[in-house]
């Protein structure tokens, strides 16, 4: 993440373990529609491992690898996240009116993700170390509409869920977004991705070792 390769590698390893546990519990409970949500820590874990490897390419140790890792990290943070998160939440939802809202949010997230992907393919993102953090320098394509749809899909979609753990995930994602933007504006992307990654461990709350009645977990 924004501090060191060690921090990113450690976070990535822990998240992969958490996601594996959540996925196994979802499979054991035969709750296959919940599996994409269970795998969220795995996706964040891979993203953190990419950033850990990126740290090792500074300063100018492996320029080509630096470019490849920067682009890969950007695809995870800018494209996959706004598309994947609302779809994962939608698949779990059973309340009709919430599902309708989530369909709209998922479409919005997909639009934002594809818009950002288009520019990622056209223009190269540059990663630099600044003040003991990694800063990602994007071409100026973060228009207000795309940014709004990105925030809606990544933070608001879990808040629409009837599942308490999913809703809590949305709350902490939103709070971490605000905190990272307020305190670490320059390094916002790296810092928020790290915070959100660590907090994705909340996913495990939705898959306890001994599953209680489903009704007790709904809002």
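The values are calculated or read from the model by the stated rules, or taken from the named source; none is laboratory data. The structure presented is a predicted model; accordingly, all values stated were derived computationally and were not measured. Neighbour counts run over all protein chains shown; Cβ positions are idealised from the backbone, glycine included.
Please pick out the residue among 27, 74 that is touching a strand residue (DSSP E or B) at 6+ places or on another chain (Cβ under 8 Å) and either in a helix (DSSP H, G or I) or surrounded by 15 or more Cβ atoms within 10 Å (Cβ to Cβ) (or both).
On the way: 27 fails: touching a strand residue (DSSP E or B) at 6+ places or on another chain (Cβ under 8 Å).
Result of the check over 27, 74: 74.
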Within the range 178-186, identify whether any single residue is farther than 25 Å from residue 127 by Cα and at pLDDT 70 or above, and answer yes or no. no
With the condition kept exactly as written, say whether any residue in the range 29-49 is touching a helix residue (DSSP H, G or I) at 6+ places or on another chain (Cβ under 6 Å) and under 20 Å from residue 124 (Cβ atoms). yes
One residue is enough: does the range 43-51 have a residue meeting the conditions over 18 Å from the mean Cα position of the chain (by Cα), over 24 Å from residue 157 (Cβ atoms) and surrounded by 15 or more Cβ atoms within 10 Å (Cβ to Cβ)? no
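For the range 59-68, give me each residue that is touching a strand residue (DSSP E or B) at 6+ places or on another chain (Cβ under 8 Å) and either buried (at least 16 other Cβ atoms within 10 Å of the Cβ) or at pLDDT 90 or above (or both).
Selection gives 66 alone.
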